[in-house]
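**Q** Following this message is one structure expressed as structure tokens.
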Amino acid sequence: MNAYERAKTTYQAIGVDTEAAMQLLANKPISIHCWQGDDVTGFDNGGAGGGIQVTGSYPGKARNFDELTADFMKACAMIPGKKRINLHASYAVAENGEQIERDKIEYRHFKPWVEFALKNNIGIDFNPTCYGHPMVKDNLTLSSPDEATRRYWINHCILSRRIANEIGKNMNDKILNNVWIPDGLKDVPADRLTPRLRLKNALDEIFAEPLPHVIDCVESKVFGIGVESYTVGSNEFYMGYAAGKPGVYNLLDNGHYHPTESTADKIPSLLCFFDKIPLHITRPVRWDSDHVVLFDDETREICKEIVRNDALDKVLIGLDFFDASINRIAAWVIGTRNVQKALLYALLMPHDKLKSAQNSGDFTTVLAISEDVKTLPFGDVWAAYCEAQGVPRDGEWLEGIRAYETDVLSKRG
Ligand code: RNT
Ligand code: ZN
């Protein structure tokens, strides 16, 4: 018997079907953020900002569409399962050196992405880019008191939604369009209400047009660098907004809450009220630092809530990390595989047994099983899954990236 066959029997003994688990995992798309490939730079002279920060200067970052897509495909060759690419509006592709303004973006600027995605059987998700731009005034966009500033970003978000819809139409799909704005204040506000009312009105304008190929969401947050005291788009604000606006969802980014707050716990709460929950899975280290996702307790707990509540179709998993201090392709591979590992780990738990133990008050069994599964041969199932998906196993993928580094990345200026 090989290692996988043995593992399969071991899991069978606790009532878990490893084949079914691998099947479910293979069908769950992960939306991989394009911005890990170029440190959130984009193609329009923008960059990070608005309270988010990329640190590190590892050589070889992608500088344009060709490099970014080549790097992304390199990563995809080492990531099992279904994939989507999550784009920001700042990744608009210019034709003949044109300068693309964010309030003038068009579908044609994203056609190359659609062709790329269709050719490689990858889905697309979309985001307006409301940061890293001179029209962000005093860290404010959609909630700005300045009419021209607000108007600029409302227009940008309206165009982004239309582009997402057009992408969806051309790909016969629904595209998640996520509005995140950096709006906030460094110091104690004199008025916390008026900016939120302005944001509410701006969102109403943005979401006014029915667009059948778009899934709308707003991303809540607690604070950012330089906006430590107040964030206009807080969790309560967006939760309330989404509750009152059918078709708009509150995206949960697990870097955006207080350090002891559990993002995993928010998932079953939202499942009582919403048919979709978009996620950004990331790793905050002391702040919303967007470190590469680990196969850690937090990620496993998030995945357990998705799996044991039969919410694989309802929770839209996106990633959001950016590390410029290590090989960027390896960062994609490590972070994405870790989310998939956490999903597989969750899929290999005897949830029915655990739930009925809890419901009959047998908390001893809950704790015993939850701990015992930690030493089951999970790694053998993961290895078999990678093999079945035609991607390298753990310990076998880094060499390919090293070769690419030598042949391609090191030659970039
Ligand atoms: C910022 C948000 C947002 C961005 C990306 C680039 O705190 O998490 O999702 O990281 O859109
Ligand atoms: Zn995010």
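The values are calculated or read from the model by the stated rules, or taken from the named source; none is laboratory data. Keep in mind it's a predicted model, so treat the numbers as computed, not measured. So basically every Cβ, Gly included, is an ideal-geometry build from the backbone, and we count neighbours across all protein chains shown. What goes into the accessible areas is simple: the full protein's heavy atoms, side chains included, and nothing from ligands, DNA or RNA. Shrake-Rupley method; radii C 1.70, N 1.55, O 1.52, S 1.80 Å.
**Q** Using amide H atoms built in the peptide plane, which far-off residues or other-chain residues are under 5 Å from Ile281 H to H?
**A** Placed amide hydrogens put Gly318, Leu319, Asp320 under 5 Å from Ile281.
**Q** Can you give me the relative contact order of region 287-376 as a percent, contacts being Cα pairs under 8 Å and 6 or more apart? Could you put the intermediate results ahead of the total?
**A** On the way: 66 pairs, mean separation 31.8, N = 90.
For region 287-376, the relative contact order is 35 percent.
**Q** Still on this structure, please answer the following. Label points 7 Å out from Cα along the Cβ direction at Ser410 and Glu236: separation in nm?
**A** 5.5 nm
**Q** Okay, next question. Run the 1.4 Å probe and let me know the accessible area of Ile206, rounded to the nearest 10 Å².
**A** 0 Å²
**Q** Compute the Cα gyration tensor for region 191-306, then decide on rounded, prolate or oblate, letting a ≥ b ≥ c be the square roots of its eigenvalues: rounded whenever a/c is under 1.5, prolate when a/b is larger than b/c in the other cases, and oblate in all that remain.
**A** Verdict is oblate for region 191-306.
**Q** Any idea how far apart Ile369 and Asn121 come out in nm if each label point goes 7 Å out from Cα toward Cβ?
**A** 3.6 nm
**Q** OK, next. Quick check: residue separation of Glu261 and Ile326 times 0.36 nm, minus the Cα distance between them. What number comes out in nm?
**A** Between Glu261 and Ile326, full extension yields 20.5 nm more.
**Q** Another one. Under 17 Å between alpha carbons, and skipping anything fewer than 8 positions from Lys200 in its own chain: which aspartates and glutamates qualify?
**A** List returned: Asp146, Glu147, Asp183, Asp191, Glu209, Asp216, Glu219, Glu236.
**Q** How many angstrom separate the Cα center of region 239-313 from the Cα center of region 348-413?
**A** That distance is 20 Å.
**Q** Once R0 is set to 45 Å, what does the formula 1/(1 + (r/R0)^6) return for the Cβ-Cβ distance between Arg402 and Ser360, expressed as a FRET efficiency to the nearest 0.05?
**A** On the way: r = 53 Å, r/R0 = 1.17.
After rounding to 0.05, the efficiency reads 0.30.
**Q** So which aspartates and glutamates can Lys104 reach, going by Cα to Cα under 17 Å and dropping same-chain residues fewer than 8 places off?
**A** Partners found: Asp44, Glu95, Glu166.
**Q** To continue, here is another question. Please list, ordered by chain and number, the residues whose modelled amide H lies under 5 Å from the amide H of Gly184; skip anything fewer than 5 residues away on the same chain.
**A** Counting only residues 5 or more places away or on other chains, the set is Val232.
**Q** Right, here's the next one. Place a point 7 Å from Cα of Thr10 in the direction of its Cβ. Which residues in region 356-393 have their backbone N less than 11 Å from it?
**A** Only 373-382 fall inside the zone, counting backbone N under 11 Å.
**Q** Any of Lys111/Lys411; Lys83/Lys169; Lys245/Lys314 with alpha carbons more than 20 Å apart? Name them for me.
**A** Lys111/Lys411
**Q** Same structure, new question: State the extension gain, in nm to one decimal, for the chain segment bounded by Asp275 and Trp287, taking 0.36 nm per residue of separation less the distance between their alpha-carbons.
**A** 1.3 nm
**Q** Also: Straight-line reach from Lys355: which aspartates and glutamates have Cα under 14 Å away, leaving out those fewer than 8 places along the same chain?
**A** Those aspartates and glutamates meeting the cut-off are Glu305, Asp310.
**Q** Once the Cβ-Cβ distance between Glu101 and Gln389 is put in as r, and R0 is 45 Å, what FRET efficiency do you end up with, to the nearest 0.05?
**A** Working: r = 41 Å, r/R0 = 0.92.
With a Förster radius of 45 Å, E is 0.60.
**Q** Using Cα pairs closer than 8 Å and at least 6 residues apart in sequence, work out the relative contact order for the chain, in percent. Show your work: numbers first, answer last.
**A** Details: 730 pairs, mean separation 83.9, N = 413.
Relative contact order comes out at 20 percent.
**Q** Another question, if that's okay. Could you list the residues of region 66-89 with an amide nitrogen less than 11 Å from a label point located 7 Å from the Cα of Met171 in the Cα-to-C-beta direction?
**A** 83-88
**Q** At Tyr58 and Met1, where each label point lies 7 Å from the Cα along Cα→Cβ, what is the point-to-point distance in nanometres?
**A** Taking the simple label geometry, Tyr58 and Met1 are separated by 4.0 nm.
**Q** Further question: For the chain, set up a GNM with springs between Cα atoms under 10 Å and report which of Phe72, Phe126, Phe207 has the largest fluctuation.
**A** Largest GNM mean-square fluctuation: Phe207.
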